[in-house]
Structures are given as C-alpha cells and as structure tokens.
C-alpha cells in the first residue's frame, strides 16, 4: 500500500482512506483513527497520559481544576467540566452533580438514600453521591429515557 | 441545554415533603384522638384541637427536616434517632396536655406519647422498605443498562 502526505496551509486536518476492498490492514488503520477520537490527554506529575474513555471512573472539578479518576491514578485534565460534558456526549457519562461527571459503566452498585438521593459505589469501592437534583435524570438514563 | 433547577423549585420540593409529613402525622394523631373521643362516649371532635394538631405537625415537620436530620427517613434508628424520636413525641405529648386534647388526663397523654413513638417507628420502617424496593429497582436498571452497553459495544466491534 502506498501513502501520500499532503501539507495544507489552512483548513481542518483530515484523513482520507481510499480502498477497493476493506482489508484487515485498512481496518486496523480505521480502528486506530476511531480510537484516537475517544482518547483524552491527562497530566500526571511528570508525564502525560493518553486516557481511554472506558478507563475513567469519574471526573471531578476541584478549585477550578478538573481531574479524571481511574482505577490506578488521578490525572489533571486541561478541559473544564462543561467542555468535558460536551466532549463525553455518550450515554454512559452522566453529570451527577455540579462538580462531577460519572461513568455509569463503572458503577458496581446503587443504594437508595433518604430525600431521593442515590449513593453509587464505583468498581474501586469509592462512593459517589447523586443529589436529588440529578437523581431523577439518572433514573431516566438507566431506563434508557435519558437525553444527552 | 437542560434547564437548571431553580432555588424556588428546590424550596418547593422540600416544602412538599414537609407537608406530606405533616399530613401523615396529623392523620395518626387524629386517629388516636378519635378513638379517645369515642371511648369517652362522644362522637364529636373539636375543630380548635384539629387546627392545633395540623399546625403542630407542620411545625414539627420543619423541625424534623431542618434541625433533626429528617430522622424518620434515615438509614438507621441509632441512639441519636431514638433521642430525636422521643423528644418529638414528648413535644406532641406536652402540646396535647396543654391544649386539653385529652381532658388533661395524664395517663392518656402518656399513652399518646407512646403512640407517637410507635408512629415514628412505623414511618421509619415504611420509608426504609420503600427505599429497599427502590434500591432493588435501581440495581436491576443498572444491570440492564450495563448489559445493553455491552451488547452495543460488541456489535460495534463486529461491524
């Protein structure tokens, strides 16, 4: 397979794959490009980490800074919570409070609390409180009625 | 863009909860009061007493929710909750005695205090059962959600 690189002065970066038959090699290229869209860059103390979305347990905004929590570590993100809410427009990411977005796929169990609140136990044992303001939408999302 | 819940809506949600609580306890008090009146050979009830009852339950609702951690909807009946429960029941008893609901009969008033304690315990268990059922439904919905997600991911990988 040959490839051509064309540098442009203006306009959006774009990858065009021209093929006659979808071969495993071309499929791997497409998968790589697809997966690239799902990654988020996180900052640890001394390095940058490329995060897969399915690694994120929850994202929290603290003192104006945004942090992504995985099972292994906590990474600082460049985006704000509002920007991440738009970026993570997927059914499994849910804004569960003013300062937090949780990954529903990483919830191990739910507990109903008084005053219509919900306690979510994540797969790493941490607890996230979903306040009554967000609990109603959370129930709808679980039932498949939630809008993004 | 989702509409944010306003302060007014938050207050209203809390207010509706308190009014529901007031009605619940008012009907419990009315039941005890009615049984007492019938036992005394009377088929009449005082509107003044009933007015006092509803205002008292409304005020106690505010106290319970804002100052006593809404103990009747709590997760457990620990020492603190029992203290709150007993304190509130004694307040009900004191008002009933001062308001002459039970003709200043000290034994009936004490019986009424015990009745209110029993009512609080029943309310606690009813709320707890409701939450247990809700929890079961939540976890079933969570499991179904995650299974739907797994099926979607698998079909995305296959396609």
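The values are calculated or read from the model by the stated rules, or taken from the named source; none is laboratory data. The structure displayed is predicted, hence computed values, not measured ones. Neighbour counts run over all protein chains shown; Cβ positions are idealised from the backbone, glycine included.
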Item to complete: Find the residue count for segment A:98-119, including only residues that are more than 9 Å from every other protein chain (Cβ to nearest Cβ) and buried (at least 17 other Cβ atoms within 10 Å of the Cβ).
Response: 5
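One line per residue, one yes/no per condition, for (1) within 10 Å of chain A (Cβ to nearest Cβ); (2) in contact with a strand residue (DSSP E or B) (Cβ under 6 Å, 6 or more places away or on another chain); (3) part of a helix (DSSP H, G or I):
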{"site": "B:72", "(1), (2), (3)": "yes, no, yes"}
{"site": "B:76", "(1), (2), (3)": "no, no, no"}
{"site": "B:80", "(1), (2), (3)": "no, no, yes"}
{"site": "B:89", "(1), (2), (3)": "no, no, yes"}
{"site": "B:107", "(1), (2), (3)": "no, no, yes"}
Practice prompt. Taking residue B:113 as the residue in question, decide whether it is in contact with a helix residue (DSSP H, G or I) (Cβ under 8 Å, 6 or more places away or on another chain), modelled with pLDDT under 95 and assigned to a helix (DSSP H, G or I).
Written response: no
Discussion item. Tell me whether segment B:43-54 contains one or more residues that are outside any loop (DSSP other than H, G, I, E, B), more than 14 Å from chain A (Cβ to nearest Cβ) and within 15 Å of the chain's Cα centre (by Cα).
Written reply: yes
Worksheet entry | Residue check, residue B:141 surrounded by 16 or more Cβ atoms within 10 Å (Cβ to Cβ), touching a helix residue (DSSP H, G or I) at 6+ places or on another chain (Cβ under 7 Å) and assigned to a helix (DSSP H, G or I) | yes
Worksheet item: With respect to the numbered conditions (1) outside any helix (DSSP H, G or I); (2) touching a strand residue (DSSP E or B) at 6+ places or on another chain (Cβ under 9 Å); (3) at pLDDT below 95; (4) within 11 Å of chain B (Cβ to nearest Cβ), which one is the sole condition not fulfilled by residue A:139?
Response: (1)
Worksheet, complete the sentence: Flagged in segment A:49-67 as closer than 13 Å to residue A:122 by Cβ and either free of Cβ contacts under 8 Å to residues at least 40 places away in the same chain or assigned to a loop (DSSP other than H, G, I, E, B) (or both), in numbering order, are A:55, A:56, A:57
